[in-house]
Amino acid sequence: MTQSQPRFRARRAGIARALREAVLPARLLLVAKTMLAVGLAWLIAPHMPGVTDEYPYYAPLGALLSMYPTLMRSAKSSFQTLLGLAAGIGLATVVVLTVGPTWWTIPLVVGVGVLVSGTGWFGAGREYIPMAAMFVLIIGGQNADDYSLGYLTQTAVGIVIGLVVNVLIAPAPLTGVAAARLGAFREQLARHLDDIGSAVSESWPPEHEQWADDAASLADTAGELRAALAEADESRRGNPRAKGHRSRMQQSHEELAALDRIAHLIRDISDEIADTIWDRPAGLPLDPALPGPLSEACHAVAEVIARGGASSVEDHRVRGEAARATRLLLETVNDRTVDAGSAMGPGVLTAMHLRRILILSGTGSSTGD
C-alpha cells in the first residue's frame, strides 16, 4: 500500500464529514436566520434619518457580520466589530483633519491600522480597523464626515437587527451535535482496536494495514472533539433553549476525558504491535502462544467500547466476556513469562492496556473476577 492511499482516504473522509456538517439542522437554522437578518436590514436601511440613508448597503453587511452559531459569540463579535470600525474611522478622521488623503497618507494610515490591529484589543474587529480607515479616505473623500457617519450607523443598524433575530430565534444548543460526535469517536476507537485484533491473528504481515496508518488520526479526532465541546458550552451561554443541558454537557466532558485516555492506550498498543509485525527497530518478539488470546481480548474489549455506557443484560454479558478474555490474556502472559524467563514483549503491554481500557469503560469491578 502506497503512502498516498491512506492520505487520500483521510482526505475523502474529511470532505464527506464537512459536507454532512454543512447541512446539519443547526447550520441550516443559521442560514435561514442570516437570510432573514440581511433582508430586514436592507428593508430598513433606506429609511434611516439624515445622510445615513445614502449608505444603505452597510446595513446588510452589519447583519451578516453579527450572525454566528452562538448567542454569546454573536454579541461579542458584534461589539468588537463596531469597536474596530470606530478605531479605523478615528484614524482616518485624524488624517482628514490634518494633511488630508494623499498618496502617502492613505498607505500610512492603513499601516497604522494594521499595527493597531495586532494589539489583540479588538478581537474579531481587528481586521476592520485598516479597512474602515481606507474606505473613509478613498470612498469618503471630500464627504468623509458624512460617509463615516453613514458607514458606522448603518453597520450598527445591521448588527442590531442581526442580534435581535438571533435572540428571537435562539440557536439550538450544540450539545446534541457534540454527543453525536462523541458516539462516532467511540465507534472509531472500537473499530481500530478490533482491526488490531484481526491483524494479530492473520498471517504476518497482515493483508490490511490501514489500522496502523490510522493510529495518528485518533489524536486528531480527540482534538476536534475538544473544540466541539467548547463550542457546545458556548452555545448554552445566554441561550433560553439551553435549560436542562448542563448535566448532559458535564457527562459529555467526562466521556471525552475517558475516551481520550482510551485513545492513548489504543495508540500505544497499535504502535507496539505494528513495530513487531513489520520488524521495526522498536519491535519486540511476540510469543507464539499469545496471538490467539490477545486477538480475542482485543475483539471483546472493542465491543465493550462500542457499547459505551449502556447497562442492559446483553451489555453486562459482553462486559463479562471481555473481562474473562482479558484475564485469560493476563494469565497466558504470566505463564509464558515464567516459562520463557522474560517479560519483554507486546503481549505484556497489550494486556496491561486492555485491562486499563476496561476500567475506563466502567468495567473495573469485573476485571478482578
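The values are calculated or read from the model by the stated rules, or taken from the named source; none is laboratory data. Quantities reported herein were computed from a predicted structural model and do not represent experimental measurements. Please note: Cβ atoms are built from the backbone with ideal geometry, for glycine as well, and neighbour counts cover all protein chains shown. Just so you know, the surface numbers come from the protein's heavy atoms only, side chains and all, with ligands and any DNA or RNA stripped out. Shrake-Rupley method; radii C 1.70, N 1.55, O 1.52, S 1.80 Å.
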Can you find, within region 80-103, the residue that is most open to solvent (accessible area, probe 1.4 Å) among those that are within 19 Å of residue 142 (Cβ to Cβ) and polar (S, T, N, Q)? 98
Give the residue that is surrounded by the most Cβ atoms within 10 Å (Cβ to Cβ), with candidates limited to residues of region 140-152 that are closer than 14 Å to residue 87 by Cα and not small (Gly, Ala, Ser). 151
Going through region 132-185 one residue at a time, which ones are under 34 Å from the mean Cα position of the chain (by Cα), of a type in the set (Val, Ile, Thr) and assigned to a helix (DSSP H, G or I)? 155, 157, 159, 160, 161, 164, 165, 167, 175, 177
Of (1) small (Gly, Ala, Ser); (2) closer than 15 Å to residue 80 by Cβ; (3) surrounded by fewer than 22 Cβ atoms within 10 Å (Cβ to Cβ), residue 125 fails just (3)
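Every residue in region 273-283 that is closer than 15 Å to residue 199 by Cα and either free of Cβ contacts under 8 Å to residues at least 40 places away in the same chain or surrounded by fewer than 23 Cβ atoms within 10 Å (Cβ to Cβ) (or both), please. Full working, then the answer.
Of the residues in region 273-283, the ones closer than 15 Å to residue 199 by Cα are 273-279.
Matches in region 273-283: 274, 275, 276, 277, 278, 279.
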Please go through region 38-67 and pick out each residue that is in contact (Cβ under 8 Å) with a residue 60 or more places away in the chain and either in a loop (DSSP other than H, G, I, E, B) or under 15 Å from residue 125 (Cα atoms) (or both). 48, 55, 56, 57, 61, 62, 63, 64, 65, 66, 67
Complete set of residues in region 259-272 that are open to solvent by 40 Å² or more (accessible area, probe 1.4 Å) and of a type outside the set (Lys, Arg): 264, 268, 271
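Here are 137, 108: which of them is at pLDDT 90 or above, out of contact with any Phe, Trp or Tyr (no Cβ under 8 Å at 6 or more places or on another chain), open to solvent by less than 20 Å² (accessible area, probe 1.4 Å) and among the aliphatic types (A, V, I, L, M)? If you could, list the steps in order and put the result at the bottom.
Numbers: 108 fails: open to solvent by less than 20 Å² (accessible area, probe 1.4 Å).
137 is the lone residue from the list that is at pLDDT 90 or above, out of contact with any Phe, Trp or Tyr (no Cβ under 8 Å at 6 or more places or on another chain), open to solvent by less than 20 Å² (accessible area, probe 1.4 Å) and among the aliphatic types (A, V, I, L, M).
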Would region 54-61 turn up any residue that is over 30 Å from the mean Cα position of the chain (by Cα), among the small types (Gly, Ala, Ser) and surrounded by fewer than 22 Cβ atoms within 10 Å (Cβ to Cβ)? no
